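*Asks:* Here it is: the structure, laid out below.
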Amino acid sequence: MLQSMTGYGKAERKLDDKRLVVEIKSLNSKQMDMSVRLSPMFRSQELAVRSMLGKQLERGKVDVAIYTEEIVDIVSTGTFTPLNRAAYAFHLQELRELCPELTDGERALAVLRMPDVTRSDEPQTVTEEQWQIVEQAINEAVEHFIAFRVQEGAALQAMFTDKLNAISDLLMQVAPYEKGRVENIRKHLLSGLEKLAEDTRKQVDSNRLEQELIFYLEKLDITEEKVRLINHIKYFRETMANNSEAVGKKLGFIAQEMGREINTLGSKSNQSEMQIIVVKMKDLLEQIKEQVLNVL
């Protein structure tokens, strides 16, 4: 079953008197590109977080956030963080002198954004017991995240199957035009020869002409391209069914090879009906290539 690189997972735990929240989001990327945002008390564990997630998520642009939220009435319990009045007054006076064009309200808002005015007393380290709770939340978030990826991957696999079926059906529609196409090309070449002057026609070696016709018509034969395209489609299906590894890059390579064969079919077609079929096949393949970028 395919997995998408698009995913989302979230888990919550009670950590002392706060709510611990772990969120994991991802989009497609060629490599693992992980961004980790942690509350100050968890920052010493950033490498551990990256190690845990890097082994399980494999690839994608991953955004991880681990933070805490208050779950009690901070005013009634007195657990809120008080303003540093001295720092507030100092910065406000500085702004009055440096930015006289600002109103008092604008200066007050600017001062409140300064870290030493609203400094939190949150602990800067995490105990072993607290870290075990964090690990549990991370693992649960990863489970939800992977389930999301699998769900999105199933939708992608269904889409790929529909497009591959459509390309196979179009390839079968080429067959009725093949024999007639070769014969028409042969007649066209002989007709051109008939239009030459009589003296010129007499100088043409009929055996050499027949050899050149055979060589030219063999170059226009599309049997090999059809066989290779059928094999590529089969390999694409088999690769999608591989549950043991991430297959997004491999599917991208197979789609490129399918494109080569379809392009060659188009260059050899020399017939409007076949060219229309080739254009439809190209359109379907482009839709596949676009979505393959989202496959893990």
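Each value in this text was obtained by applying a stated rule to the coordinates, not by laboratory testing. None of the values given here were measured: they were computed from a predicted structure. Quick reminder, even Gly has a Cβ in these numbers, built from the backbone with ideal geometry, and neighbours come from all protein chains shown.
*Asks:* What spacing in nm lies between the two simple spin-label points modelled at ALA86 and GLU129, each 7 Å away from Cα in the Cβ direction?
*Replies:* 3.5
*Asks:* Quick one: of LYS163/LYS289; LYS226/LYS250; LYS10/LYS249, which pairs are farther than 18 Å apart, Cα to Cα?
*Replies:* On the way: LYS163/LYS289 11 Å; LYS226/LYS250 21 Å; LYS10/LYS249 28 Å.
Pairs exceeding the cut-off: LYS226/LYS250; LYS10/LYS249.
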